[in-house]
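First the structure, in the form of structure tokens, and then the observations on it.
The values are calculated or read from the model by the stated rules, or taken from the named source; none is laboratory data. All figures in this text were calculated on a predicted structure; none of them were measured in a lab. With ideal geometry, Cβ positions are generated from the backbone for all residues, glycine too; neighbour counts draw on all protein chains shown. Accessible surface areas use protein heavy atoms only, side chains included; no ligands, DNA or RNA. Shrake-Rupley method; radii C 1.70, N 1.55, O 1.52, S 1.80 Å.
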Amino acid sequence: MTTIIIARHGNTFNPGDTVLRVGRTDLPLSSSGKQQAQRLGNYFLSEKLNFAAVYTSCLSRTIETASIALKTANFSLPILQNSIFDEINYGPDEGKTEDEVIARIGANALQDWEQLAEVPPGWLADPDRITRNWFNFAHEVEYKHPGKTVLVVTSNGIARFAPFLTGDFMAFSKQYKLKLATCAVGSLSNVNGNWQVNYWNKNT
């Protein structure tokens, strides 16, 4: 069966740093993020995953995560950058602390984003377009890599829309938290023409 493994990039802030909401700002991995990427690679080894292709966004944190993980797992695969996996644009909340974000949009709007993937006012993201991108990508994977596994390293705001592939996002959102932790993974497989979630937000 064709499988898509989705990994979120590693930390861009170290413990003790002031954590900011980062979308299109192109931050590199922090030292803790590099360690997470190594653990991700060890997870690939322990699970005996064999990727037919590896995709990332065009942002440094996803490319670096994939590079470190692949090297740790002794994989020699090219990294295919695709802008559809670039994080969303948080608009006026880009570079703000979580308290500042809540002060502007309200706790309820942030909760709807975390639980239902409903985009808060002011954020520059089109859920329909992001969802279409996932469907188009899944179709491409089925065509190019039938019966194989591919890896996507992306960001939290984009990853949360991948489960729309199942056709029943509400059922998924009742079972799982949408947000992937840094360097956590999710897995979706195509079974008899239907995509299903194998697991989500699995720590590595």
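Put simply, the range 101-172 fits an ellipsoid with semi-axes of 28, 12, 10 Å; these come from the alpha carbon gyration tensor as the roots of five times its eigenvalues, largest first. Straight-line cross-link reach from residue 34 at under 17 Å between alpha-carbon atoms covers these lysines, not counting any fewer than eight positions away in the same chain: 71.
For the range 72-203, what does the alpha-carbon gyration tensor say about shape, rounded, prolate or oblate, given a ≥ b ≥ c as the root eigenvalues, a/c under 1.5 as rounded, and a/b over b/c as prolate? It comes out prolate by the Cα gyration axes. Helix-only arithmetic for the chain: the sum of -39500 (n - 2.57) across DSSP H runs with n ≥ 4, divided by the residue total, places the mean residue ellipticity at 222 nm at -11000 deg cm²/dmol.
Between residue 125 and any residue 5 or more places off or on another chain, the built amide H atoms are never under 5 Å apart.
Note on residue 148: lysines with a C-alpha under 17 Å away, same-chain residues under 8 apart excluded, are 48.
Full extension of the segment from residue 139 to residue 116, taken as 0.36 nm per residue of separation minus the current Cα-Cα distance, would add 5.9 nm. On full extension, the segment bounded by residue 81 and residue 170 gains 29.0 nm, given 0.36 nm per residue less the C-alpha separation. The alpha carbon radius of gyration of the range 1-117, expressed as a multiple of 2.2 N^0.38 Å, is 1.19.
Annotation: amide H of residue 59 has no partner in the under-5 Å range at sequence separation 5 or more or interchain, hydrogens built in the peptide plane. On a per residue basis, the chain carries 47 Å² of accessible surface, using protein heavy atoms and a 1.4 Å probe.
In order along the range 26-31, the Karplus-derived 3J(HN,Hα) couplings, from 6.51 cos²θ - 1.76 cosθ + 1.60 at θ = phi - 60°, round to 8, 8, x, 5, 7, 4 Hz, and Gly and Pro are given as x.
Relative protection proxy for 88-99, 52-63, from highest mean packing down: 52-63, 88-99 (other beta-carbon atoms within 10 angstrom).
Between residue 50 and residue 181, full extension at 0.36 nm per residue minus the direct alpha carbon distance yields a gain of 44.9 nm.
Determine, for each peptide in 177-190, 141-154, the mean count of other beta carbons within 10 angstrom over its residues, then list the peptides with the highest first.
With the highest mean Cβ count within 10 Å placed first, the list reads 177-190, 141-154.
Compactness of the range 36-98 was expressed as the Cα radius of gyration divided by 2.2 N^0.38 Å, which yields 1.32.
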